[in-house]
1. Under the classification rounded if a/c is under 1.5, otherwise prolate if a/b is larger than b/c and oblate if not, where does the stretch 187-246 fall, given a ≥ b ≥ c as square roots of the Cα gyration tensor eigenvalues?
2. Quote the charge dipole size of the chain about the Cα centre in Debye, to the nearest 20; the model charges only the Cβ of Lys and Arg (+1) and of Asp and Glu (-1).
3. Once you've got the Cα coordinates, tell me which of Lys267/Lys304; Lys178/Lys248; Lys66/Lys225 are over 24 Å apart.
4. Per residue of the stretch 78-85, what does 6.51 cos²θ - 1.76 cosθ + 1.60 with θ = phi - 60° give for ³J(HN,Hα)? Whole Hz please, x for Gly and Pro, Karplus curve as stated.
5. Taking 8 Å as the Cα distance limit and 6 or more residues as the minimum spacing, I'd like the relative contact order of the stretch 194-303 as a percentage.
6. What number, in percent, do you get for the relative contact order of the chain if the mean sequence gap of Cα pairs under 8 Å and at least 6 apart is divided by its residue count?
7. Among DSSP beta bridges lying fully in the chain, give the percent that are antiparallel, nearest 5.
8. Explain nothing, just the number: dipole magnitude of the stretch 194-303 about its Cα centre with +1 on each Lys and Arg Cβ and -1 on each Asp and Glu Cβ, in debye rounded to the nearest 20.
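All of the numbers you see were taken from the coordinates with simple rules; none came from a lab. What you see is a predicted model, and the numbers here were worked out from it, not measured in a lab. Please note: Cβ atoms are built from the backbone with ideal geometry, for glycine as well, and neighbour counts cover all protein chains shown.
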Amino acid sequence: MKQFLVMIMTVVTVWVSAAHVDAGDKIRVVATIEDLACIARDIGGDAVMVTAIAGGAQDPHFLDAKPSYLVQLNRADVLIENGGELEVGWLPVLVNGARNRKILPGSPGRVTAMNGIAMLEVPTRLSRAEGDVHPYGNPHFTTDPANAEVIAQNICAVFCAVVPTRTAKFRANLVAFKEHLDAALKRWQGTMAPVHGMKIVTYHKTFSYFARRFGLEVVGTIEAKPGVAPSPGYLAELVAKMKAEGVKLVLAEPFRDLKVAQFAADKSGAKLLITPSGVGGNADGRDLFSYFDWLTKTIVAAAK
Ligand SMILES: [Zn+2]
């Protein structure tokens with residue numbers, strides 16, 4: 001641990017003195033996941049320089065703490081976290097190591113995207129026997145694009161507090177973002193209309209919010225419980241259920257055990273769709289709008 005801290009301090013010191021990335025008079029914003037970074041870019045416009053720690057091809061629950069993340073966090077004016085314990089396994093240790101008071105919990109530069117979100121799957125009791133269950137509920141709320149409105153408001157409020165001189169601009173960007181989002185939500189509902197009521201299985205409970213928004217029914221998960229791999233017995237039961245219920249699609253992110261996902265799909269007659277968990281996981285989904293354009297069209301095409 002001591003060695004790790006020495007490494008952290010060395011990296012931070014070297015970076016600050018040498019490899020200087022010029023942000024001009026822009027505020028430096030770090031988002032934990034690309035889903036949040038792309039919203040921050042739309043709200044902050046030319047007043048911000050936004051980077052993300054994880055893209056949609058990485059498991060947001062488990063990231064290796066790379067020194068480059070510490071460098072990002074050390075110079076950040078604003079940190080946007082998802083919250084709901086999505087990043088609990090890695091963000092607190094990074095923030096401690098980054099030695100930056102601006103982004104500590106409770107600081108004006110800290111955005112928690114979850115504030116004001118209607119959370120799903122909030123447990124009535126917490127027990128390790130239920131797997132990696134979070135007390136606030138399912139933290140994968142960015143898979144419902146409608147939640148981006150609340151997230152954008154949370155980001156806007158912090159940007160206005162950190163750079164009060166740009167308040168009018170941030171608020172105008174927020175209004176434009178909401179209009180853009182409202183139009184896109186209508187488009188996505190239209191795209192998804194032919195698969196309304198379709199039964200799916202997901203690897204992890206990543207797409208619960210997406211499914212609710214677009215009328216898909218998640219009848220099970222490949223994982224036995226959140227973060228718990230399936231046993232052969234569990235898989236056999238799941239496959240039987242998938243056949244009985246007529247499950248059409250299995251959604252799994254690229255970092256899952258895809259052999260197991262393919263096995264369940266093959267045995268039940270469903271199709272496996274490998275999809276990033278969010279923005280920035282493939283070339284088609286570089287921002288919120290292009291990601292959901294891609295995801296909705298891809299799901300409908302795969303269901304045919
Ligand atoms: Zn999760």
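1. Working: a/c = 4.36, a/b = 1.81, b/c = 2.41.
Because a/c hits 1.5 or more and a/b fails to exceed b/c, the stretch 187-246 counts as oblate.
2. Details: 33 positive and 29 negative charges, 13 e Å.
The dipole of the chain has a size of about 60 debye.
3. Values: Lys267/Lys304 19 Å; Lys178/Lys248 33 Å; Lys66/Lys225 29 Å.
Listed pairs above 24 Å: Lys178/Lys248; Lys66/Lys225.
4. 9, 10, 9, 10, 5, x, x, 6
5. 24
6. On the way: 521 pairs, mean separation 52.5, N = 304.
Across the chain, relative contact order equals 17 percent.
7. Working: 1 of 24 bridges.
The answer is about 5 percent antiparallel.
8. Working: 14 positive and 10 negative charges, 40 e Å.
Computed charge dipole of the stretch 194-303: roughly 200 debye.
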